[in-house]
Structure formats: structure tokens, C-alpha cells
């Protein structure tokens, strides 16, 4: 499997995709904001450095309660880069009727 996607670990695959697709759209938000793969790379690196400066290392848990947004994905990728564990918390509680 030399050179194929199957031979890469997820972070290697991600790094390759971010590098090779930097100018391509990663996502467009409902508000019309376009986030490029290059933005994802840059912002997740910035967040990883910020988390590292706070003392987070491999195996640390990061919990976030937030609505879906590109920034949540940036944080998830930052955690992958550090080897930290991303643990999203639900931002909305649904109450059943009984």
C-alpha cells in the first residue's frame, strides 16, 4: 500500500490533504462564509500552539460546549495535532414530554 491513503495514519492523511488542497473550499456555512482547507490548517495550528502553551499534551482531554461551527472543527484538528482527546459536549438539551 505504499503511497496510498490506506498506508497513512489519519493525521498524516489530514496533513497531506491540508497541504494539497489549501485553496479549495472545506466548508460553506449557512451564512455564506467559505472556509478553505488552508484556513483549517492555519487556524488549527494556531489553536494547537495555544493549547500547548496552556500545558496540554498527549492524552489530555479537551471538552467544549458550542454550536456547530468551523471553529469547533479547528479545535478538533488542533487536538489531533497535539494528541489530545477532543470531547464535544451537547450545546442543546432536548426535553422529552414524559
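Sorted from fewest to most neighbouring beta carbons within 10 Å, what does the list 36, 18, 75, 54 look like?
54, 36, 18, 75
So between residue 27 and residue 49, what do we pick up on full extension, going 0.36 nm a residue minus the alpha carbon distance?
Net length gain for the segment: 5.6 nm.
Over its Cα atoms, what ratio of radius of gyration to 2.2 N^0.38 Å does segment 11-98 give?
Ratio of Cα Rg to 2.2 N^0.38 Å: 1.23.
Read-outs throughout are calculated quantities, based only on the coordinates presented, and are distinct from any laboratory measurement. Note that the structure is predicted; figures quoted are calculated from it, not measured. So basically every Cβ, Gly included, is an ideal-geometry build from the backbone, and we count neighbours across all protein chains shown.
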